Structures are given as C-alpha cells and as structure tokens.
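What follows draws every value from the coordinates through simple rules; no lab data is involved. Since this is a predicted model, take the numbers as computed values, not measurements. Every residue, glycine as well, gets a Cβ built from its backbone with ideal geometry; the counts of neighbours run over all protein chains shown.
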Amino acid sequence: MNKNEVGIVVLRVVLGLIFFVHGLTKFQGGINNTVGFFDSIGIPGFMAYVVALIELIGGIALILGIGTRIVSVLFAVIMLGAIATVKFPVGLLGNGQMAGYELDLALLAMSIYLVFANKSAFSLDNKLFHSNK
C-alpha cells in the first residue's frame, strides 16, 4: 500500500466518522427538532429523516469502504444543499451568531475527491469485488 492509498483510507474513515456522528446527533437530539428546522427554512420536514439516515448509514458505509462513490455523491448533495439553503448567506466564516460554510465546503471537497478516487486497498468494496479501480 502506497502513501496515496493510506491518504484515501484516512480521508474516507474521517469523513465517514464525521457524517456518522452528525446523523447520530440528529436522532439523539430528537429528530423532531431537525424536522422543525427543515420546515422553518422551507425544506419539507420529512427530508430531515432522509438526511439523517444518509449521514448515519452512509457514515458507517464509508468507514467500512462499502459503496464509497455512491455515498460520497449523496454527501456532496447534502453539503451543496446545506451551503445553498443555510450557510451561504452568513458567509464563509459566519456572522458571529452562526458558523459559516467553511466546514461544509471542506466536507464537500472531501466527498468529491472520494467520488473520483480509486478504491482503497482497505475497503470492503475492494475485498468483495476484487477490483483496484
């Protein structure tokens, strides 16, 4: 395994962990709070369940290296939605009351990278499908 493969594994696991924790927090904090927030910004409340499940299950999948490209596309869509609907108006670094979109932008870039990266040696996709690409 070369340095690039190590980097991909680290990036994939960290991104998966971050999204997993965000999804878990949505459920632990009461998903109804997230439903209410989505409704308040004009997004149908049921989408809170969709986003939270993608984050939770997708995070686990990324950590294990299952469906990395598909999950990464879904994460990128979530980040684009978060930036466009909530974060962009407060700016890159925020406005003192709310965080900006710098983290969302970093998570978006990480997700896009994983869409195009080769499967890593330490992924279930690679082990199950015996592919290096």
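Some notes on this structure:
- Search result, residues across the range 30-59 that are hydroxyl-bearing (Ser, Thr, Tyr) and surrounded by 14 or more Cβ atoms within 10 Å (Cβ to Cβ): Thr34, Tyr49
- If the condition is being surrounded by 14 or more Cβ atoms within 10 Å (Cβ to Cβ) and polar (S, T, N, Q), then the range 83-117 contributes only Ser111.
- Of all residues making up the range 81-116, the number that are in a loop (DSSP other than H, G, I, E, B) and within 16 Å of the chain's Cα centre (by Cα): 1
- Candidate set from the range 1-29 (those that are without any contact (Cβ under 8 Å) to a residue 40 or more places away in the chain and not in a helix (DSSP H, G or I)); member that is surrounded by the fewest Cβ atoms within 10 Å (Cβ to Cβ): Asn2
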